[in-house]
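These notes are about the structure you will find just below.
The values are calculated or read from the model by the stated rules, or taken from the named source; none is laboratory data. All figures in this text were calculated on a predicted structure; none of them were measured in a lab. When we count neighbours, we look across all protein chains shown, and the Cβ atoms used for this are built from the backbone with ideal geometry, even at glycine. Areas reflect the complete protein model, heavy atoms only, side chains present, ligands, DNA and RNA absent. Shrake-Rupley method; radii C 1.70, N 1.55, O 1.52, S 1.80 Å.
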Amino acid sequence: MRRGWKMALSGGLRCCRRVLSWVPVLVIVLVVLWSYYAYVFELCLVTVLSPAEVIYLIFYHAIFVFFTWTYWKSIFTLPQQPNQKFHLSYTDKERYENEERPEVQKQMLVDMAKKLPVYTRTGSGAVRFCDRCHLIKPDRCHHCSVCAMCVLKMDHHCPWVNNCIGFSNYKFFLQFLAYSVLYCLYIATTVFSYFIKYWRGELPGVRSKFHVLFLLFVACMFFVSLVILFGYHCWLVSRNKTTLEAFCTPVFMSGPEKNGFNLGFVKNIQQVFGDNKKFWLIPIGSSPGDGHSFPMRSMNESQNPLLANEEPWEENEDDNRDYPEGSSSLAVETET
(Lines give C-alpha, C1' and ligand atoms only; values in the text may rest on other atoms or scores of the structure.)
Protein backbone atom coordinates (compact mmCIF):
# COMPACT_ATOMS: atom_id res chain seq x y z
CA MET A 1 0.00 0.00 0.00
CA ARG A 2 2.76 2.41 0.96
CA ARG A 3 4.64 1.56 -2.21
CA GLY A 4 1.55 2.38 -4.27
CA TRP A 5 1.26 5.77 -2.60
CA LYS A 6 4.92 6.48 -3.30
CA MET A 7 4.51 5.57 -6.96
CA ALA A 8 1.39 7.75 -7.25
CA LEU A 9 3.16 10.66 -5.57
CA SER A 10 6.19 10.25 -7.82
CA GLY A 11 3.96 10.19 -10.91
CA GLY A 12 2.14 13.30 -9.71
CA LEU A 13 5.39 15.17 -9.16
CA ARG A 14 6.63 14.24 -12.63
CA CYS A 15 3.36 15.46 -14.13
CA CYS A 16 3.60 18.77 -12.23
CA ARG A 17 7.19 19.17 -13.35
CA ARG A 18 6.23 18.65 -17.00
CA VAL A 19 3.46 21.25 -16.70
CA LEU A 20 5.67 23.79 -14.91
CA SER A 21 8.42 23.33 -17.49
CA TRP A 22 6.16 25.07 -20.02
CA VAL A 23 5.77 28.20 -17.86
CA PRO A 24 8.88 29.99 -19.25
CA VAL A 25 7.70 29.26 -22.81
CA LEU A 26 4.23 30.58 -21.96
CA VAL A 27 5.79 33.78 -20.57
CA ILE A 28 7.77 34.32 -23.78
CA VAL A 29 4.70 33.64 -25.96
CA LEU A 30 2.56 36.12 -23.99
CA VAL A 31 5.26 38.82 -24.21
CA VAL A 32 5.59 38.26 -27.97
CA LEU A 33 1.82 38.38 -28.51
CA TRP A 34 1.59 41.62 -26.52
CA SER A 35 4.52 43.11 -28.48
CA TYR A 36 2.72 42.25 -31.73
CA TYR A 37 -0.45 43.98 -30.57
CA ALA A 38 1.43 47.00 -29.20
CA TYR A 39 3.52 47.49 -32.35
CA VAL A 40 0.95 46.75 -35.05
CA PHE A 41 -2.14 48.32 -33.51
CA GLU A 42 -1.08 50.84 -30.85
CA LEU A 43 1.98 52.14 -32.71
CA CYS A 44 1.44 51.68 -36.44
CA LEU A 45 -2.35 51.94 -36.72
CA VAL A 46 -3.00 54.49 -33.94
CA THR A 47 0.17 56.52 -33.39
CA VAL A 48 1.91 56.58 -36.80
CA LEU A 49 -0.44 58.59 -38.98
CA SER A 50 1.67 58.65 -42.12
CA PRO A 51 2.67 56.40 -45.07
CA ALA A 52 5.65 55.26 -42.98
CA GLU A 53 3.37 52.83 -41.15
CA VAL A 54 3.18 50.62 -44.27
CA ILE A 55 6.98 50.36 -44.43
CA TYR A 56 7.15 49.71 -40.70
CA LEU A 57 4.59 46.90 -40.98
CA ILE A 58 6.23 45.21 -43.97
CA PHE A 59 9.67 44.96 -42.36
CA TYR A 60 8.18 44.12 -38.96
CA HIS A 61 6.20 41.16 -40.27
CA ALA A 62 9.17 39.85 -42.27
CA ILE A 63 11.29 39.76 -39.11
CA PHE A 64 8.38 38.46 -37.03
CA VAL A 65 7.84 35.47 -39.33
CA PHE A 66 11.47 34.32 -39.06
CA PHE A 67 11.53 35.04 -35.34
CA THR A 68 8.46 32.88 -34.61
CA TRP A 69 9.52 30.21 -37.12
CA THR A 70 12.92 29.68 -35.51
CA TYR A 71 11.38 29.74 -32.01
CA TRP A 72 8.91 27.06 -33.06
CA LYS A 73 11.70 24.91 -34.53
CA SER A 74 13.80 25.32 -31.36
CA ILE A 75 10.92 24.13 -29.20
CA PHE A 76 9.52 21.26 -31.25
CA THR A 77 12.61 19.79 -32.92
CA LEU A 78 13.22 16.74 -30.76
CA PRO A 79 16.75 16.09 -29.46
CA GLN A 80 18.49 13.35 -31.40
CA GLN A 81 19.58 10.28 -29.45
CA PRO A 82 22.40 7.81 -30.23
CA ASN A 83 21.41 5.02 -32.59
CA GLN A 84 21.10 1.41 -31.61
CA LYS A 85 24.70 0.35 -32.24
CA PHE A 86 25.84 2.42 -29.24
CA HIS A 87 23.41 0.65 -26.91
CA LEU A 88 24.48 -2.47 -25.07
CA SER A 89 22.83 -5.63 -26.27
CA TYR A 90 20.69 -7.55 -23.82
CA THR A 91 23.49 -10.08 -23.31
CA ASP A 92 26.18 -7.42 -22.82
CA LYS A 93 23.95 -5.52 -20.44
CA GLU A 94 23.40 -8.62 -18.33
CA ARG A 95 27.11 -9.41 -18.28
CA TYR A 96 27.97 -5.84 -17.33
CA GLU A 97 25.42 -5.60 -14.52
CA ASN A 98 26.25 -9.01 -13.09
CA GLU A 99 29.97 -8.28 -13.03
CA GLU A 100 31.00 -6.98 -9.59
CA ARG A 101 34.63 -6.13 -10.37
CA PRO A 102 34.96 -2.52 -11.63
CA GLU A 103 38.17 -3.24 -13.54
CA VAL A 104 36.47 -6.05 -15.46
CA GLN A 105 33.49 -3.82 -16.23
CA LYS A 106 35.86 -1.18 -17.53
CA GLN A 107 37.61 -3.69 -19.78
CA MET A 108 34.26 -4.91 -21.11
CA LEU A 109 33.38 -1.37 -22.17
CA VAL A 110 36.80 -0.93 -23.79
CA ASP A 111 36.29 -4.10 -25.84
CA MET A 112 32.80 -3.05 -26.95
CA ALA A 113 33.91 0.51 -27.77
CA LYS A 114 36.62 -0.72 -30.16
CA LYS A 115 33.92 -1.38 -32.75
CA LEU A 116 32.53 2.17 -32.48
CA PRO A 117 33.74 5.56 -33.80
CA VAL A 118 34.47 6.86 -30.30
CA TYR A 119 37.55 9.00 -29.72
CA THR A 120 37.00 10.77 -26.41
CA ARG A 121 37.06 9.61 -22.80
CA THR A 122 36.03 10.77 -19.37
CA GLY A 123 38.33 12.90 -17.24
CA SER A 124 39.78 9.76 -15.66
CA GLY A 125 40.38 8.09 -19.03
CA ALA A 126 37.50 5.60 -18.83
CA VAL A 127 35.07 4.82 -21.63
CA ARG A 128 32.22 7.32 -21.59
CA PHE A 129 29.27 5.16 -20.56
CA CYS A 130 25.75 6.16 -19.49
CA ASP A 131 24.46 3.82 -16.82
CA ARG A 132 20.94 5.24 -17.20
CA CYS A 133 20.51 4.77 -20.96
CA HIS A 134 22.89 1.76 -20.99
CA LEU A 135 24.92 2.97 -23.92
CA ILE A 136 28.46 3.97 -24.81
CA LYS A 137 28.33 7.69 -25.43
CA PRO A 138 29.33 8.95 -28.87
CA ASP A 139 31.77 11.87 -28.94
CA ARG A 140 30.18 15.10 -27.63
CA CYS A 141 27.09 13.22 -26.45
CA HIS A 142 25.86 13.83 -22.89
CA HIS A 143 22.99 12.72 -20.69
CA CYS A 144 20.38 15.37 -19.90
CA SER A 145 18.74 14.75 -16.53
CA VAL A 146 15.78 16.99 -17.47
CA CYS A 147 14.99 15.15 -20.71
CA ALA A 148 16.11 11.85 -19.12
CA MET A 149 18.05 10.75 -22.20
CA CYS A 150 21.41 11.03 -23.92
CA VAL A 151 21.54 13.81 -26.51
CA LEU A 152 23.91 13.97 -29.48
CA LYS A 153 26.31 16.94 -29.38
CA MET A 154 24.44 18.33 -26.41
CA ASP A 155 24.96 22.02 -25.78
CA HIS A 156 22.62 22.72 -22.85
CA HIS A 157 19.05 22.32 -21.68
CA CYS A 158 17.14 25.57 -22.26
CA PRO A 159 14.06 26.28 -20.10
CA TRP A 160 12.99 29.13 -22.42
CA VAL A 161 12.31 26.65 -25.21
CA ASN A 162 11.65 23.72 -22.85
CA ASN A 163 13.96 21.59 -24.92
CA CYS A 164 17.46 20.21 -24.98
CA ILE A 165 19.70 22.05 -27.43
CA GLY A 166 21.96 19.69 -29.35
CA PHE A 167 22.90 18.41 -32.79
CA SER A 168 19.35 18.31 -34.13
CA ASN A 169 18.34 21.89 -33.24
CA TYR A 170 21.45 23.94 -32.39
CA LYS A 171 21.26 25.72 -35.75
CA PHE A 172 17.62 26.67 -35.08
CA PHE A 173 18.52 27.91 -31.59
CA LEU A 174 21.27 30.16 -32.98
CA GLN A 175 18.89 31.50 -35.61
CA PHE A 176 16.29 32.13 -32.93
CA LEU A 177 18.82 34.18 -30.94
CA ALA A 178 19.83 36.11 -34.07
CA TYR A 179 16.26 36.93 -35.10
CA SER A 180 15.36 37.76 -31.50
CA VAL A 181 18.16 40.32 -31.39
CA LEU A 182 17.04 41.73 -34.76
CA TYR A 183 13.38 41.79 -33.61
CA CYS A 184 14.19 43.75 -30.45
CA LEU A 185 16.55 46.10 -32.27
CA TYR A 186 14.00 46.86 -34.98
CA ILE A 187 11.27 47.60 -32.45
CA ALA A 188 13.55 49.80 -30.35
CA THR A 189 14.83 51.88 -33.29
CA THR A 190 11.42 52.46 -34.87
CA VAL A 191 9.64 53.16 -31.58
CA PHE A 192 12.26 55.53 -30.16
CA SER A 193 11.18 58.69 -32.02
CA TYR A 194 7.56 58.21 -30.93
CA PHE A 195 8.73 57.51 -27.39
CA ILE A 196 10.38 60.96 -27.41
CA LYS A 197 7.21 62.60 -28.78
CA TYR A 198 5.06 60.97 -26.10
CA TRP A 199 7.60 61.97 -23.47
CA ARG A 200 7.42 65.60 -24.60
CA GLY A 201 3.63 65.52 -24.75
CA GLU A 202 3.51 66.07 -28.51
CA LEU A 203 1.17 63.13 -29.10
CA PRO A 204 -2.23 62.46 -27.47
CA GLY A 205 -3.58 59.09 -26.40
CA VAL A 206 -2.98 57.74 -22.90
CA ARG A 207 -3.47 54.07 -23.80
CA SER A 208 -1.15 54.12 -26.81
CA LYS A 209 1.40 56.10 -24.83
CA PHE A 210 1.59 53.36 -22.22
CA HIS A 211 2.07 50.62 -24.83
CA VAL A 212 4.72 52.55 -26.77
CA LEU A 213 6.73 53.48 -23.67
CA PHE A 214 6.61 49.96 -22.28
CA LEU A 215 7.39 48.47 -25.72
CA LEU A 216 10.64 50.41 -25.91
CA PHE A 217 11.60 49.41 -22.37
CA VAL A 218 10.94 45.68 -22.96
CA ALA A 219 12.70 45.69 -26.34
CA CYS A 220 15.84 47.32 -24.88
CA MET A 221 15.85 45.01 -21.87
CA PHE A 222 15.62 41.85 -23.97
CA PHE A 223 18.06 43.21 -26.55
CA VAL A 224 20.84 43.65 -23.98
CA SER A 225 20.48 40.15 -22.53
CA LEU A 226 20.01 38.46 -25.92
CA VAL A 227 22.94 40.16 -27.63
CA ILE A 228 25.25 38.99 -24.84
CA LEU A 229 23.96 35.42 -25.11
CA PHE A 230 24.09 35.49 -28.91
CA GLY A 231 27.64 36.86 -28.84
CA TYR A 232 28.70 34.05 -26.52
CA HIS A 233 27.26 31.38 -28.80
CA CYS A 234 28.86 33.03 -31.84
CA TRP A 235 32.18 32.68 -30.04
CA LEU A 236 31.42 29.01 -29.33
CA VAL A 237 30.59 28.38 -32.99
CA SER A 238 33.78 30.12 -34.14
CA ARG A 239 35.76 27.70 -31.92
CA ASN A 240 33.54 24.68 -32.71
CA LYS A 241 32.68 24.19 -29.04
CA THR A 242 29.52 23.45 -27.16
CA THR A 243 28.60 25.16 -23.90
CA LEU A 244 29.50 21.97 -22.04
CA GLU A 245 32.91 21.78 -23.73
CA ALA A 246 33.58 25.40 -22.77
CA PHE A 247 33.03 24.43 -19.13
CA CYS A 248 34.59 20.96 -19.28
CA THR A 249 37.43 20.39 -21.77
CA PRO A 250 37.06 17.18 -23.83
CA VAL A 251 39.67 14.52 -23.13
CA PHE A 252 41.59 12.79 -25.92
CA MET A 253 44.27 10.07 -25.77
CA SER A 254 46.99 12.67 -25.26
CA GLY A 255 44.95 14.32 -22.52
CA PRO A 256 42.54 17.26 -22.32
CA GLU A 257 42.47 19.35 -25.49
CA LYS A 258 40.22 22.42 -25.54
CA ASN A 259 40.69 22.90 -29.31
CA GLY A 260 40.27 19.25 -30.24
CA PHE A 261 37.32 19.94 -32.57
CA ASN A 262 38.51 23.34 -33.83
CA LEU A 263 38.82 23.08 -37.64
CA GLY A 264 39.29 26.77 -38.44
CA PHE A 265 36.78 29.63 -38.51
CA VAL A 266 35.00 28.84 -41.81
CA LYS A 267 34.83 25.07 -41.29
CA ASN A 268 33.64 25.58 -37.74
CA ILE A 269 30.68 27.60 -39.01
CA GLN A 270 29.97 24.94 -41.64
CA GLN A 271 29.82 22.30 -38.90
CA VAL A 272 26.64 24.00 -37.66
CA PHE A 273 25.12 25.61 -40.75
CA GLY A 274 26.37 23.35 -43.55
CA ASP A 275 28.21 24.06 -46.80
CA ASN A 276 25.29 25.62 -48.68
CA LYS A 277 25.12 29.29 -47.65
CA LYS A 278 21.59 29.76 -49.01
CA PHE A 279 20.30 27.68 -46.06
CA TRP A 280 22.21 29.56 -43.37
CA LEU A 281 19.41 32.06 -42.64
CA ILE A 282 16.51 29.63 -43.09
CA PRO A 283 15.47 27.25 -40.26
CA ILE A 284 15.94 24.10 -42.32
CA GLY A 285 18.21 21.30 -41.14
CA SER A 286 21.55 21.57 -42.93
CA SER A 287 24.15 20.54 -40.32
CA PRO A 288 26.56 17.97 -41.82
CA GLY A 289 26.98 14.45 -40.46
CA ASP A 290 24.78 12.29 -38.30
CA GLY A 291 25.78 13.67 -34.89
CA HIS A 292 27.60 10.49 -33.84
CA SER A 293 31.11 11.40 -34.99
CA PHE A 294 32.87 14.65 -35.85
CA PRO A 295 36.05 15.68 -37.65
CA MET A 296 38.89 16.55 -35.28
CA ARG A 297 41.71 19.04 -35.49
CA SER A 298 44.51 16.51 -35.42
CA MET A 299 44.65 13.83 -38.11
CA ASN A 300 46.60 11.65 -35.70
CA GLU A 301 43.73 11.83 -33.21
CA SER A 302 41.12 11.05 -35.85
CA GLN A 303 43.05 8.07 -37.20
CA ASN A 304 43.92 6.45 -33.87
CA PRO A 305 40.98 5.12 -31.85
CA LEU A 306 41.48 6.44 -28.37
CA LEU A 307 39.90 3.41 -26.84
CA ALA A 308 42.48 1.06 -28.27
CA ASN A 309 44.69 1.77 -25.29
CA GLU A 310 43.57 -0.84 -22.81
CA GLU A 311 45.78 0.34 -19.99
CA PRO A 312 43.51 0.75 -16.94
CA TRP A 313 42.78 4.24 -15.68
CA GLU A 314 41.53 5.14 -12.24
CA GLU A 315 37.86 5.93 -11.88
CA ASN A 316 36.80 9.38 -10.79
CA GLU A 317 33.57 9.90 -8.90
CA ASP A 318 33.00 13.13 -10.82
CA ASP A 319 32.76 11.23 -14.13
CA ASN A 320 29.19 10.15 -13.36
CA ARG A 321 27.39 13.23 -12.29
CA ASP A 322 24.71 15.68 -13.39
CA TYR A 323 25.86 19.24 -13.69
CA PRO A 324 23.53 21.73 -12.01
CA GLU A 325 21.36 24.02 -14.03
CA GLY A 326 22.58 27.53 -14.71
CA SER A 327 26.05 26.96 -16.12
CA SER A 328 25.24 29.78 -18.53
CA SER A 329 22.39 32.27 -18.71
CA LEU A 330 20.41 29.26 -19.88
CA ALA A 331 20.10 26.09 -17.80
CA VAL A 332 22.77 23.48 -18.49
CA GLU A 333 22.50 19.73 -17.94
CA THR A 334 25.50 17.58 -18.78
CA GLU A 335 26.83 14.11 -18.80
CA THR A 336 26.49 11.40 -16.23
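Classify region 28-78: rounded, prolate or oblate, from the alpha-carbon gyration tensor (a ≥ b ≥ c, eigenvalue square roots; a/c under 1.5 rounded; otherwise prolate if a/b is larger than b/c)? Because a/c hits 1.5 or more and a/b fails to exceed b/c, region 28-78 counts as oblate.
Averaged per residue, region 126-254 has 39 square angstrom of accessible surface, using a 1.4 angstrom probe with ligands and nucleic acids left out. Remark: spin-label model distance residue 193-residue 52 equals 0.2 nm, labels positioned 7 Å along the Cα→Cβ axis.
For residue 142, the amide hydrogen comes within under 5 Å of the amide hydrogens of 151, 153, 154, counting only partners 5 or more places away or on other chains and with H modelled in the peptide plane. Within the listed set 25, 224, 212, the residue fluctuating most in the Gaussian network model of the chain (springs between alpha-carbon atoms under 10 angstrom) is 224.
Per-residue extension of 0.36 nm, minus the Cα-Cα distance of residue 115 and residue 213, leaves a gain of 29.1 nm for this segment. Longer than 32 Å from Cα to Cα, which of 114/267; 209/278; 241/277; 106/241 are they? Say none if no pair is. Over 32 Å Cα-Cα: 209/278. Potential lengthening of the chain between residue 279 and residue 34 amounts to 85.2 nm, from the contour at 0.36 nm per residue minus the alpha-carbon distance. Here the simple spin-label model places points 7 Å from the Cα toward Cβ, and for residue 103 and residue 265 these points are separated by 5.1 nm. Here residue 229 and residue 14 are evaluated by their C-beta separation; at R0 = 35 Å the FRET efficiency comes out at 0.75. For the chain, the 222 nm mean residue ellipticity estimated from helices alone, with every DSSP H stretch of n ≥ 4 adding -39500 (n - 2.57) and the total spread over all residues, rounds to -16500 deg cm²/dmol. Going by a ≥ b ≥ c, the root eigenvalues of the Cα gyration tensor, does the chain fall in the rounded group (a/c under 1.5), the prolate group (a/b larger than b/c) or the oblate group? Prolate shape, in that a/c is at least 1.5 and a/b is the bigger ratio. Extension gain for the segment residue 258 to residue 238, taken as residue separation times 0.36 nm less the Cα-Cα distance, is 5.9 nm to one decimal. Based on C-alpha pairs under 8 angstrom that are at least 6 apart in sequence, the chain has a relative contact order of 24 percent.
With R₀ fixed at 35 Å, the C-beta to C-beta distance from residue 62 to residue 298 puts the FRET efficiency at about 0.20.
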